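Structure, as structure tokens:
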Amino acid sequence: MLDSIVFLPFDGPIPPLPEDAQPHRRQTGRARLRVLVVDDEPLIAQTVTAILNANGFEAMEATTAEYALQVARSFQPDIVLSDVLMPGMTGVDLGVRLSTELPEARILLFSGQAATSELMRKAEEQGYHFELFPKPIHPDDLIARLRSHT
């Protein structure tokens, strides 16, 4: 499905992160931000994870929200980047659960679906506010946004 592709075409190798721009996690002292990428489309999850790892992040992937919960408990991500509309548990529900279990983790959602707004509204009514990225998002824009959360 073309409407579920996350990234616009990107020609050439992924540029390395300059040494002086390495992200830092202030509270944990880790040299690289840990990002958990959650998307029910394996190719999307793998591609985003590879791009982040090539650009100075420590990224892992999960293709279901249920598995993401397990990974998050051991991986302890600084940022969770999740698709919103997935079978079973939505990315919004995952964000609510992780906000309770891992309050230090930033939850960032991405979606290309109009139905997302209703899920986001319900979460906000419960006191949860998540940043939403539109699909598709160019790798350079995603990296810049993630770096702004350091």
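Throughout, read-outs are computed from the coordinates displayed, never taken from laboratory work. Because the structure is a prediction, the values reported are computed rather than measured. All Cβ positions, glycine included, derive from the backbone under ideal geometry; neighbour counts span all protein chains shown.
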Once phi is turned into ³J(HN,Hα) by the Karplus curve 6.51 cos²θ - 1.76 cosθ + 1.60 with θ = phi - 60°, what whole-Hz value does each residue of region 63-80 show in order, with x for glycine and proline? 9, 9, 5, 4, 5, 4, 4, 5, 4, 4, 5, 8, 6, 6, x, 7, 9, 10
Least to most buried among Ser117, Ser99 (fewest other Cβ within 10 Å first): Ser117, Ser99
Rounded to the nearest 20 debye, dipole of region 27-147 from Cβ charges on Lys, Arg, Asp, Glu: 340 debye
For Gln126 and Val71, what does the FRET efficiency come to when R0 = 25 Å and r is the distance between their Cβ atoms, rounded to the nearest 0.05? 0.55
Expressed in nanometres to one decimal, the distance between label points 7 Å along Cα→Cβ at Arg145 and Ala54 is 2.0 nm
Could you give the radius of gyration (one decimal) and Dmax (whole number) of the Cα atoms in region 27-147, in Å? 13.2, 39
